[in-house]
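Heads up: the structure comes next, in structure tokens.
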Amino acid sequence: MGARAGHLLVAGLSGLCVIVLEFAAVRMMAPAFGQSITVWSAVVGVILVALALGYWLGGRLGERSRTSYPLFRLYGLCALWTLGASFWGADLCAGLIPTGIPVDASLSIGFGGSLLASLVLFAPPVLVLGMTSPFLIRLEAREGSEGRATGAIYAVGTLGSLAACYLAPLVLLQTIGTSRTIGGTAFLLLFLSCGGVLATRRAHRAGGTERLPSQEGATPIGRAYIALAFVTGLAVTVLEFGAVRFMAPWFGQSNYVWANVIGVILLALAVGSWVGGRWADAALARGPVGGRVFYAILGVVGAAAGAATLLGPGVMEILIPQDVESMYILPIAFRGSLFTTLVFFGPALLLLGMAPPFLVRMALRGRHAGRTAGVLFAWTTVGGLLGCLVTAPLLVPALGARGTLLAAGLALGALGAVALRPGAWRDLPPRRRRGLACCSALLALVPAVLLGIHVAGRAALRVQPGQVAEVESAYQTIRVVRRDMHLLVPFDEIDVIPALLGDDGSATTVFLRHDEDAETYQSVVLDDPEQSKAWLTGGRYFEHMALGAHFARPRRATLRVLLVGYAGGTVHRTLRDTLPEDVGLSVLGVEIDPAVIEVARDHLRHRELEGPGLELITGEDARTVVNALPPDRQFDLVLVDAYTRTNYLPFQLATVEFFTKLRAHLATGGWIGVNVLGHGMKSPVAHAVAATMARALGSAYVTPNPSFLGNVILWGSPDAATGPRLRADAHLHPGLEAAGFALERLTVRHDPQRDGGVVLTDDLSPSDRLADQEFGL
Amino acid sequence: MRRILPPLMLAGLAALCFGEPALARDLPPEVRRMAERAFLEGRLRDLDTILAGAESPADRFPLLLRDVWWRRARVPPSFETRGPGSIAPRLAWLAGKEPRGPYPASGSGGDAYPILTALVRDRQWREVRGHRGLPQQGPLEALAESLRTEGEDRAAYFAGDWTRRLMSLTYRGPPPHPDEVRMRDRAERLRLRSGRWALIALCAFLVLALGLRWAVLRKARATGAGP
């Protein structure tokens, strides 16, 4: 293998390792600190800062080095550090969980804990990996072809990252677990280190390596280029996150939709930087005038982002109509999102991918390609970090996904237009100069006009029949839909509870949908309060969960309930409306997205549930809250109804460790109930969670939902010798009779020996993969 | 008259002595069947009304079974664990601790509530075996068949078909509802269509990238700045 091929291989594998470590870091933190946006920001922030520092240091180190020895030696250290992280990372995270202090105080420490853990465990190896690209660019760059070298290294590194985006979340973490993934990365780094050192030494002995002269005292890089690098990094991240959120109302946010978006974007960036490197060398060979090409590129990207927001919704509506049933939507969403990303964002990102080589080539003074690339990559990464930190938490909630894309487009278009002002074309004839000036102004004008219309109108991203409100939060798009719905009974031909049916069998129902792309919902309330009290949720799964109050035995006069995944409070309301009058209700609810509660207050009569009986924690992951619970906090009933990105159980809320923690907070005779959506009694996800509950609690029972065949409720109790037994003197609310019937007549004990099911742990939980398989991917 | 008076008195005395059981009359079979169907269909509160006239321990047994095992009372009712031969083994079973053994067969005198027996055994059976441990033929199967031959189609549906259908829940399991078929076909068409579009987009993207590269190389060669 030649030196160039070797360098490209190292660049690709280092790009792969960075992304694998990033995914593994988020996964490793989740059982200790959850996956709230603050924790996610802390982990990604640390990784990107380390990467930026690595780029900068790599540029400096590369300039001082004559061979690639120092880089590969550092790789050895990096491998050992990563190996240590794989062995002791989980323990370190667990050791940082605060205990013995009030829940409210503990939660803020969770953010600091995740920051500290990621800083200690992952910042050093990522810093070393970040040094790779500028170091290799320095080794590869020859005079006049710096752009090409930068483009090649950047492209291959991006392709490595692209591979990791599929490999890490969809394969490695789902099949071998977090620790082994990190350990495997350590061995890969060790292999690179040993291989690199040996290859360099052998080539040196053979006299085949060029011992480059040390290059100290480089001229400083222009601030304008640094600013441009920052802006392009910011733009890439804003477009990436904005694209996912923009498409979410149609395609959801499943793993495969994310993979499509990230995959297309990284592929476009890789191709763009490869092509851009050659283009940059060719354009800039004619002098600084060639830099105009780059500014024109920025302008076109801006206009393309604007056009995407204008045309995208219509196309997506054709690709995925309103009434597709949730079970069949994932394959359509997968292909639809691929098409939309390719058509609307691929070309723009391909052009944006040309930025790094162009910038390096434009900013280059003398033979300092490595250092120039290092500094510019560092600032690109800082821009990317800012994009990560502001897009989902700030820009999307403030401007909406469409507004965010338009703002990014406007910024890029304006930048291009300003740079391409008439004065910049002095060497052209006046007529062409005027024409180009008009084109430049148009580039900025398109997104500017669209942004103005969007902000003035603030129209919903996607309108569904009966939709009354749409709110874009930091986590998801929340949609309130109001419809006349028929109440559900087990089967049309059998009226088990005739009282459930009204005169025409329907009631006005308000649904809270999150990123749902199909006819599913997270919360529901019947619009008429009297109907709501009489018919509860009209036969939906919340009633099956609320039934737990009638077999979990409270020792006191008050039933103590922990609701994991509180959403709009539907389970809470059902419990309140169905408990006997002499039993009080004390609820601790955990909802990760505070905007959901705000919407529920405005549209789902949530205020009537608030009061002394409800302690609501929002903005925190339920795992963090459970970790932080005082040891003496006990519950008679724990109900887990948490879903993330529509289809997935948050993995950290369905593991042996999680259920063991819950068990410690379960009062004698208490029960844990988990809602699982899938293929009913044959659902692999349900089997896996049931096997996990059986491992942690001793037994698990599966109750199908006759009203919605895909849904099952899993029950487990460490004290139960048999399945759940309703109390005869509980005087079941008529609305719960259907659920009671299913519980008594259909509940099955889950036997791990016969029924199978993968036991899910904090380290290895393939729940996402099982869900994807179940939903058709 | 005097001659027949003593035998009449003796007969009256005998009737007083041995006629006691006759006072606790058995419920008519229709009422028992009504109670069983209420159990079958989940209307457990109706049992109090249906069995209000039950006098014998055997006839009142469904209430006891409901409150002690099927839907346990917060304070389980106290009961005499010894009873008539027909329910003696079942009273002993109810008095036992969880987990109880298999629901026993009725004692001498026959089973007053065969559907109830099948239901209890079915529940025990489900709670012992896992989902895949349940073979096709369960305790309710034979019952459903016998109900069907008796013309009790609705009860037979509950006992057999409905349960079997729900226990094998799957979105793709037969027999699908016509709406489901229509929806699935439509989804398949959409899937194929979006797949084609995605493939076209991917090809177009690659052509664009290659075209750009070709244009760049051509230009570079023309200007002499390229390789």
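The values are calculated or read from the model by the stated rules, or taken from the named source; none is laboratory data. Note that this is a predicted model, so its numbers are computed, not measured. Don't worry about glycine lacking a Cβ; one is built from the backbone with ideal geometry, like all the others, and counts go over all protein chains shown. Surface areas here come from the heavy atoms of the whole protein model, side chains and all, with no ligands, DNA or RNA. Shrake-Rupley method; radii C 1.70, N 1.55, O 1.52, S 1.80 Å.
Net charge around B:Leu94, counting only other residues with Cβ within less than 10 Å of its Cβ (Lys, Arg = +1; Asp, Glu = -1)?
+1
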Query - Neighbouring partner chain Cβ atoms per residue of A:702-713, average, 10 Å criterion - result: 2
Report task. Using only Cα atoms, locate the centre of region A:652-681 and the centre of region B:20-96, then give the distance between them in Å, rounded to an integer. Result -> 35 Å
Query raised in the report: For region A:518-595, with every protein chain kept in place, what is the accessible area per residue (1.4 Å probe, Å²)?
Result: 29 Å²
Requested in this report: Calculate, for B:Ser146 and B:Arg189, the FRET efficiency according to 1/(1 + (r/R0)^6) with r their C-beta to C-beta distance and R0 35 Å; round to the nearest 0.05.
Outcome: 0.15
Query raised in the report: Taking every residue in A:718-724, how many Cβ atoms of other protein chains lie within 10 Å of its Cβ, on average?
Result: 3
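By accessible area of protein heavy atoms, probe 1.4 Å, what ranking do A:His204, A:His606 get, highest first?
From most exposed to least exposed: A:His204, A:His606.
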Query raised in the report: Per residue of B:121-131, what is the mean number of Cβ atoms on other protein chains within 10 angstrom of that residue's Cβ?
Result: 6
Report task. Taking amide H positions as placed in the peptide plane 1.01 Å from N, state which residues far from A:Thr509 in sequence (5 or more) or on other chains have amide H under 5 Å from it. Result -> A:Arg483, A:Asp484, A:Met485, A:Asp527
Report summary line: Hydrodynamic calc, region A:649-777: Kirkwood Rh from Cα pairs, then Stokes-Einstein at 4 °C with viscosity 1.567 mPa s, so D in µm² s⁻¹ is 87 µm²/s
Report summary line: For A:Glu610 and A:Thr175, extending 7 Å from Cα along the Cα-Cβ vector and measuring point to point gives, in nm, a value of 4.9 nm
Report summary line: When A and B pair up, the total accessible heavy-atom area removed from solvent (1.4 Å probe), in Å² to nearest 100, is 6900 Å²
Query raised in the report: Got the relative contact order for region A:30-152 handy, in percent, Cα pairs under 8 Å and 6 or more residues apart?
Result: 48 percent
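I'd like to check one number: the per residue accessible area of region A:631-703, probe 1.4 Å, reported in Å² as a whole number.
24 Å²
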Query raised in the report: R0 = 51 Å: FRET efficiency of A:Arg292 with A:Glu598, Cβ-based, nearest 0.05?
Result: 0.60
Query - Rounded to 5, percent antiparallel among DSSP beta bridges of chain A - result: 60 percent
Report summary line: Simple SL model, points at 7 angstrom along Cα→Cβ for A:Ala94 and B:Ser108; separation in nm is 6.3 nm
Query raised in the report: If you find the alpha carbon centre of region A:732-777 and of region A:590-605, how far apart are they in angstrom?
Result: 27 Å
Query - Cβ-derived FRET efficiency at R0 25 Å, A:Ala721 paired with A:Ala557, nearest 0.05 - result: 0.45
Requested in this report: Report the equivalent ellipsoid semi-axes for chain A in whole Å, largest first, defined as the square roots of five times the eigenvalues of the gyration tensor built from alpha carbon atoms.
Outcome: 52, 31, 20
Report task. Return the calculated 222 nm mean residue ellipticity for chain A, to the nearest 500 deg cm²/dmol, obtained by summing -39500 (n - 2.57) across DSSP H runs with n ≥ 4 and dividing by the residue count. Result -> -19500 deg cm²/dmol
Requested in this report: Would you mind computing, in nm to one decimal, how far apart the modelled labels at B:Arg25 and A:Arg754 are, each placed 7 Å from Cα along Cα→Cβ?
Outcome: 4.5 nm
**Report entry** Long-range tail of P(r) for region A:1-117 (Cα pairs > 17 Å, %)
**Finding:** 64 percent
Report task. Measure out, as a whole number of angstrom, how far apart the alpha-carbon centroids of region A:21-94 and region A:511-584 sit. Result -> 44 Å
